[in-house]
Amino acid sequence: MDNLVKIAARSLRNNQTGSEKIFWNAVRQRKIMDLRFMRQHPVTFLYDNRERFFIADFYCAKKRLVVEIDGGIHEKQKDYDELREYIIKTLGYKMIRFTNDLTRSISK
């Protein structure tokens, strides 16, 4: 399972969206309040006596904060995203979601 998680996280890091790159450049190297963020960070948990995982777009351990940058695919998987957010919050993490639609982000 560890290899699968590492391969998936590495692949996502190598294929970031434009919005993820913008966010990463804004928070990397402790640029915000000296907080360390990691990108494409695995969040593991037990479900049905099996280890499962999600890969958070960004994670700050000090604040136990997961940051998700949602693209168009999330319009089609709302139930999955709600379950994922519920599990992440049940594990004691806080979660913030942003859209990766730069035109919508800027106009708000």
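The values are calculated or read from the model by the stated rules, or taken from the named source; none is laboratory data. Given the structure is predicted, the values throughout are model-derived calculations rather than measurements. Cβ sites come from the backbone with ideal geometry, for glycine too, and all protein chains shown count toward neighbours.
Points to keep in mind about this one:
- Looking across the stretch 14-41 at every residue that is of a type in the set (V, I, T) and either on the phi > 0 side of the Ramachandran plot or not in a helix (DSSP H, G or I) (or both), the one that is surrounded by the most Cβ atoms within 10 Å (Cβ to Cβ) is identified as T17.
- Within the stretch 80-102, residues that are at negative phi and exposed (fewer than 15 other Cβ atoms within 10 Å of the Cβ) have Cβ atoms under 6 Å from residues that are part of a strand (DSSP E or B) and not polar (S, T, N, Q) in these pairs: L91/F45; K94/L65; I96/V67; R97/E68; R97/D70, counting only partners at least 6 apart in sequence or on another chain.
- Number of the exception - K31 against (1) modelled with pLDDT of 95 or more; (2) closer than 18 Å to G71 by Cα: (2)
- Each residue in the stretch 1-56 was checked for being under 17 Å from I96 (Cα atoms), of a type in the set (S, T, N, Q) and over 12 Å from the mean Cα position of the chain (by Cα), and 1 pass.
- Considering (1) of a type in the set (D, E, K, R); (2) buried (at least 17 other Cβ atoms within 10 Å of the Cβ); (3) over 9 Å from the mean Cα position of the chain (by Cα), the lone condition that E68 does not fulfil carries the number (3).
- For the stretch 42-72, a residue qualifies if it is part of a strand (DSSP E or B), of a type in the set (D, E) and either at pLDDT 90 or above or more than 19 Å from E82 (Cα to Cα) (or both), and the qualifying residues are E51, D57, E68.
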